[in-house]
1. May I ask you to list pairs of residues, at least six apart or on different chains, whose Cβ atoms are under 6 Å apart, with the first in the stretch 112-131 being within 30 Å of Met99 (Cβ to Cβ) and the second being of a type in the set (Val, Ile, Thr) and part of a strand (DSSP E or B)?
2. Please specify each residue of the stretch 32-80 satisfying the condition of being at pLDDT 90 or above and polar (S, T, N, Q).
3. Are any of the residues in the stretch 242-265 of a type in the set (Val, Ile, Thr), surrounded by fewer than 17 Cβ atoms within 10 Å (Cβ to Cβ) and at pLDDT 80 or above?
4. Which of the residues belonging to the stretch 107-141 are surrounded by fewer than 17 Cβ atoms within 10 Å (Cβ to Cβ), outside any strand (DSSP E or B) and of a type outside the set (A, V, I, L, M, F, W, C)?
5. For the stretch 145-154, state whether one or more residues are at pLDDT below 85, under 30 Å from Glu26 (Cβ atoms) and part of a loop (DSSP other than H, G, I, E, B).
6. Only one of (1) of a type in the set (Phe, Trp, Tyr); (2) closer than 17 Å to Tyr147 by Cβ; (3) at pLDDT 85 or above fails for Tyr213. Which number is that?
7. For residues that are of a type in the set (Val, Ile, Thr), within 24 Å of Ala144 (Cα to Cα) and over 21 Å from the mean Cα position of the chain (by Cα), scanning just the stretch 81-110, find the one that is modelled with the lowest pLDDT.
Amino acid sequence: MQEEQKETAAGSPVASFQTRRDKPIEVMSLQEKFIELRRQIPRIEKGQHSEEVPYKFAKIDDVWRAITPTMNELGVNFDIIQEENAQIKTMNTQHGGLMFLYESDLTMRWTNADNEDDTDEAQTHAIAWNDDPAKAKGSAWTYAIKYYLFEKFSIDMGETDPDMKGKPSAQTASQPVRNAAGNQQSQQGNKTAQSGQNGAEKKLTAAQLDRMYRKAQDAGLSKEQTDGRINYLYSKKPADMTRAEYDDICKRMDDTARELRNGGNRQ
């Protein structure tokens, strides 16, 4: 019976982790378990979740379905331990309706179940709007956690982002890509510096950046949130964007502000 149990265990996910790491799961650190989690996450297939949007995307349920089994095998827990600076604002729409903008700062904690003193904490800013205040909060939490997990475990989000429609093409903007080590780097298509046709591109002016931040305010985003969005999309600081990237982010802000004025709900 014991030999049969050992044979069964050898084919389990736990046994495969032990063999590859040459280390029992029970003595692995939380950071080592993160590495195993990242290795084991399957490719997440995006689906057409709504007829209202013309693109496919992954929902938070898809992400949890992908990572929870491996979290259980490795003994890793995830919790939201604190919410701070929560506020909700009301906005009148163009058609006389009322929209609620919710935002807060979330503190998340990962815990190694085999050593509860071994933890890792991170913070993220949650923001979303809806015509129902409870749904605005739910959307803010869901969106913030989903994209935190995407970045944490290098999950490929493909070509579309359900929050920001019309992601720039390789010909107009840099795309975040992963190198062999799992790090993000910027890859630009038809980059002027590579072609040598237009020479060095001019830096954005302070007036241009101020204009962009005013557009961000109209879209319900703070300066910090805008900087984070630029880093996510282009892996750059705002002042280092190309003119094509600057035009693209301004258009995104305009589209978001227009959607808010018209009473549209963000998915």
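The values are calculated or read from the model by the stated rules, or taken from the named source; none is laboratory data. None of these values were measured; they are calculated from a predicted model. Note: ideal-geometry Cβ built from the backbone for every residue, glycine included; neighbour counts use all protein chains shown.
1. Between residues of the stretch 112-131 that are within 30 Å of Met99 (Cβ to Cβ) and residues that are of a type in the set (Val, Ile, Thr) and part of a strand (DSSP E or B), the close pairs are Gln123/Thr107.
2. Once the filter is applied, which keeps residues that are at pLDDT 90 or above and polar (S, T, N, Q), the stretch 32-80 yields Thr68, Thr70, Asn72, Asn77.
3. Looking for residues that are of a type in the set (Val, Ile, Thr), surrounded by fewer than 17 Cβ atoms within 10 Å (Cβ to Cβ) and at pLDDT 80 or above, one finds none in the stretch 242-265, hence no.
4. Asp131, Asp132, Pro133, Lys135, Gly138
5. yes
6. Of (1) of a type in the set (Phe, Trp, Tyr); (2) closer than 17 Å to Tyr147 by Cβ; (3) at pLDDT 85 or above, only one is false for Tyr213: (2).
7. So the residue we want is Thr90.
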